[in-house]
Amino acid sequence: MNISRFMPGPDVRWPIMRWPVDGRMLHWLFCPTPQAVAFALRNTIASIVALAIALWMELDSPQWAVATVWSVAQVRRGESMSKARWRIVGTLVGAVAAVVFIAAFPQQSWLFFPAVATWIGLCSFLATFCLNFRSYAFVLSGYTCSIIAVAAASEPDNVFFIGISRATYIVLGVVCEAGMAMLFTIGLPTRARATMVAQVENVLHRLAALLREIVLHDRDTLVHAGEFSDMVVSVHQGLEFPAIEMGRQVHAGDHARAVLAEVSILVTRLVGLSGGAERVVLADDGALADTRGQLLHLCDRLAACRLKSGALDAVHDQVVHLRALFARRATHGRQEMDRITHGVLAATMVDLETALDHCHAIFSPPPHDRFRFHLGGHRDIRLAFYNGLRGAAAIMLAAFVYECTAWPGGMGFIAITTLVCGLFATRENPVVGTTRFLSGAVWSAIAAGSLDLWILPYLTDYEEFAFVLGIFLFVGGLAKCNRGTAGAAAAYGLLMPNLLMPGNQSRVDEVTFLNGAFHTVLAVGLSVLVFRLVLPFRARDERLRFGMHIRGELRRLCLVPLPPSPQWWIGTSVDRIGRMVRHATHEKDTTAASGIRLMLMFSSVGLNILLLRQLKRQRRDTVSDVITALLRALVRYRPVSPRGIAVVRATRRRLARMEKADPGNGRLLEVLACLDGISRTATACVAAMASGVE
């Protein structure tokens with residue numbers, strides 16, 4: 001029988017069977033990186049050792065020692081050291097607060113729960129004003145107080161011993177994690193310095209690309225400047241950890257922060273020079289054409305520079321040459337605008353020269369280096385209040401459920417709710433990551449249930465239990481090193497040991513486990529709902545709030561008795577802009593670009609006001625009197641307003657006449673450059689706000 005006539009022709013394609021799950025999703029598990037394997041292995045061993053010691057000491061809740069190891073463990077050693085330090089501080093403060101609340105409100109539930117909720121809200125409020133793991137210390141003191149106080153509510157006479165036990169778990173877990181990390185860490189200071197150098201090099205390379213766009217391009221420059229600010233904020237927050245790894249006696253981290261401040265000032269100066277336009281307009285003929293060529297050549301050298309090679313010295317020499325060249329052209333230029341432009345460019349070269357000096361000090365510090373530098377940041381009072389209110393509301397809601405239902409697992413429900421609310425209260429956008437944390441809580445319940453119900457009943461020795469538990473912990477460690485699963489892995493490492501509840505002479509039965517798993521997952525779900533429904537975070541509202549806040553700050557900068565330094569102002573502005581960029585990215589908000597441009601222009605206006613005040617303090621003369629009168633008028637009319645712009649332009653005309661009578665006066669040129677920056681940028685801001693920009 002001929003079956004060829006039943007076969008499909010050459011143009012017919014067979015359907016391809018596809019797996020419903022992409023294999024790349026589990027790449028972190030089956031093909032982990034060596035760094036991920038080392039991280040998971042060292043923390044798994046530390047967890048097993050901590051649990052063995054806790055069982056040997058016959059502590060009542062040895063699982064908290066394991067949870068502490070995974071809570072403290074971070075991929076970078078500096079992060080682990082910082083988090084461990086602040087975890088101990090937060091635990092001690094929380095334990096003291098728990099003793100106070102139990103002693104103050106014995107057998108008075110509706111005095112006790114509001115007091116704990118207020119404490120949680122206060123800790124969340126204060127945590128919002130801190131960076132990195134200093135904020136973690138505040139929230140830890142909050143939920144540690146709740147965990148100890150809730151555990152001691154039924155036996156208040158033992159609150160002191162419960163607090164001591166809790167502190168013992170924390171110290172034990174921290175010591176085990178630190179000791180194991182020391183065994184796995186070799187050449188830590190050298191690698192930390194290499195990390196810091198790489199981060200600073202990346203900033204310089206991005207600066208070269210942005211400077212090239214400012215000189216040449218005519219679109220999206222300010223948006224890219226906002227992205228550059230976001231990168232600066234990320235690098236600034238990460239510099240603390242390699243600095244810890246190098247030791248307190250090394251000030252490379254301070255020099256690196258100074259580099260970030262100087263390059264941010266440089267970018268803001270150029271935004272003021274362009275007046276909010278998309279580029280600095282440099283003519284195609286004469287001195288300005290040569291200036292453009294010199295800047296482009298500098299961009300090429302800066303993009304290829306390496307901090308540990310002679311390329312940095314070559315770039316430094318070129319910057320010194322350009323500073324002198326632009327200063328001469330600012331003094332001897334024929335046209336007023338040419339002189340002002342070259343004066344601003346000379347100032348930017350001074351900023352870049354200072355930044356390169358600090359770059360050199362990172363790997364070749366001067367003798368007896370005592371340099372200290374701190375970059376300012378934005379402190380959002382409204383966000384802090386909202387975080388505190390959400391945390392307090394979640395605790396009161398959980399307490400209400402417990403009081404109405406008399407649920408046996410209600411106290412654990414309250415404790416886990418406190419823990420999750422505290423963890424997310426420190427985030428700029430608390431909604432981001434809550435869903436992944438909830439999925440991690442579900443996976444922790446599944447893993448603990450598999451161990452408790454199906455595996456542990458057949459184990460008789462700790463060695464067998466440690467081997468099986470180590471497999472589950474090792475998988476969690478690999479997941480924590482993967483960016484896509486890190487949020488879920490954080491919940492897994494924190495909650496799975498708590499659900500497991502190992503003991504010396506007992507194991508968890510089915511009813512106890514199911515009750516514990518139910519109240520744990522339900523507490524995480526309640527926390528997620530609170531953050532999404534109670535005063536939810538919106539990036540658009542944040543942009544409007546930042547805009548109102550910075551407009552008020554611009555008025556205060558004009559006449560405040562002790563004005564902040566330009567570095568502080570730029571640090572605060574860059575922090576705001578970086579937050580706007582990150583939050584717009586998370587929410588996929590395509591309308592945020594105009595708001596980011598507006599914030600950059602506001603930052604430039606503030607910088608020029610501060611530079612004017614510095615010039616006024618240099619000497620007492622007619623120019624300083626004119627500046628004083630201008631600043632007082634700007635307080636009255638607001639810098640970013642039509643009347644404020646008119647006052648600035650009138651003052652500029654008066655000083656321009658003085659400059660014509662004394663051409664080449666460097667101080668007058670600097671003042672005129674600041675006035676031009678304020679006038680042009682404020683005009684662009686007013687036009688943008690009139691067109692409905694957020």
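The values are calculated or read from the model by the stated rules, or taken from the named source; none is laboratory data. Everything numeric in this text was worked out from a predicted model, so none of it was measured. Cβ placement follows ideal geometry from the backbone for every residue including glycine, while neighbour counts extend to all protein chains displayed. Accessible surface areas use protein heavy atoms only, side chains included; no ligands, DNA or RNA. Shrake-Rupley method; radii C 1.70, N 1.55, O 1.52, S 1.80 Å.
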request  = Using log10 I(q)/I(0) by the Debye sum over Cα atoms at q = 0.05, 0.10 Å⁻¹ as the read-out, say which of (1) -0.21, -0.91; (2) -0.64, -1.07; (3) -0.32, -1.00 was calculated from these coordinates.
outcome  = (3)
message = Given R₀ = 56 Å, what would the calculated FRET efficiency be for Glu510 paired with Ser364, taking r from the Cβ atoms and rounding to 0.05?
response = 0.30
query = At a Förster radius of 45 Å, what calculated FRET efficiency corresponds to the Cβ-Cβ distance of Phe385 and Thr168, to the nearest 0.05?
reply = 0.80
remark   = Carbon plus sulfur, as percent of the 1.4 Å-probe accessible area of the stretch 194-243, comes to 48
remark   = With a Förster distance of 41 angstrom and the Cβ-Cβ distance between Arg657 and Asp290, calculated FRET efficiency to the nearest 0.05 equals 0.90
task = Give me the distance between the Cα centres of the stretch 194-246 and the stretch 295-350, rounded to whole Å.
result = 19
remark   = Here the gain from full extension of Thr585 to Asp300, 0.36 nm per residue of separation minus their alpha-carbon distance, amounts to 99.6 nm
message = Please give the Cα centre distance for the stretch 39-65 versus the stretch 80-98, rounded to the nearest Å.
response = 19
key: Rel. contact order, % - alpha carbon contacts under 8 angstrom, at least six apart, the stretch 539-691   = 28
Amide N of the stretch 658-678 lying under 17 Å from the label point, which is placed 7 angstrom from the Cα of Gln614 along Cα→Cβ = 666-678
message = At a threshold of 8 angstrom on Cα-Cα distance, excluding pairs fewer than six apart, so keeping six or more, what relative contact order does the chain reach in percent?
response = 19
query = Treating the beta-carbon of each Lys and Arg as +1 and of each Asp and Glu as -1, no other charges, what is the dipole magnitude of the stretch 514-581 about its Cα centre, to the nearest 20 debye?
reply = 260
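If you take every residue apart from Tyr458 with its C-beta less than 13 Å away from the C-beta of Tyr458, what net charge results, scoring Lys and Arg +1 and Asp and Glu -1?
Surrounding charge for Tyr458 is -2.
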query = Working from the pairwise distances between different alpha carbons, so that the mean of 1/r is found and then inverted, what is the stretch 539-691's Kirkwood radius in Å?
reply = 16.1
request  = Could I have the simple spin-label model distance between Ile471 and Arg649, label points 7 Å from Cα toward Cβ, reported in nm to one decimal?
outcome  = 7.8
task = Specify the inter-centroid distance of the stretch 437-459 and the stretch 531-557, based on alpha-carbon positions, in whole Å.
result = 43
key: MRE, 222 nm, helices only [DSSP H, n ≥ 4, -39500 (n - 2.57), over the chain, to nearest 500]   = -26000 deg cm²/dmol
query = With a sphere of radius 9 Å drawn around the Cβ of Cys558, what net charge do the other residues whose Cβ falls strictly inside it have (Lys, Arg +1; Asp, Glu -1)?
reply = +4
task = Can you tell me the order of 195-202, 561-568, 578-585 when each peptide is scored by its average per-residue count of other Cβ atoms within 10 angstrom, highest first?
result = 578-585, 195-202, 561-568
ask   = Farthest toward the dipole's positive end in the chain, which of Phe546, Val96, Leu533, given Cβ charges of +1 (Lys, Arg) and -1 (Asp, Glu) about the Cα centre?
value = Phe546
key: Around Phe385: net Lys/Arg minus Asp/Glu count, Cβ-Cβ under 14 Å   = +1
Size of charge dipole - the chain - debye, nearest 20, with Cβ of Lys, Arg +1 and Asp, Glu -1, no other charges = 2760
note = Taking a straight Cα-to-Cα line shorter than 28 Å from Lys660, and setting aside same-chain lysines fewer than 8 residues away, one finds Lys616
message = To make sure I understand the rule: partners must be lysines, Cα under 26 Å from the Cα of Lys480, and not fewer than 8 residues away in the same chain. Which ones qualify?
response = Lys83, Lys588
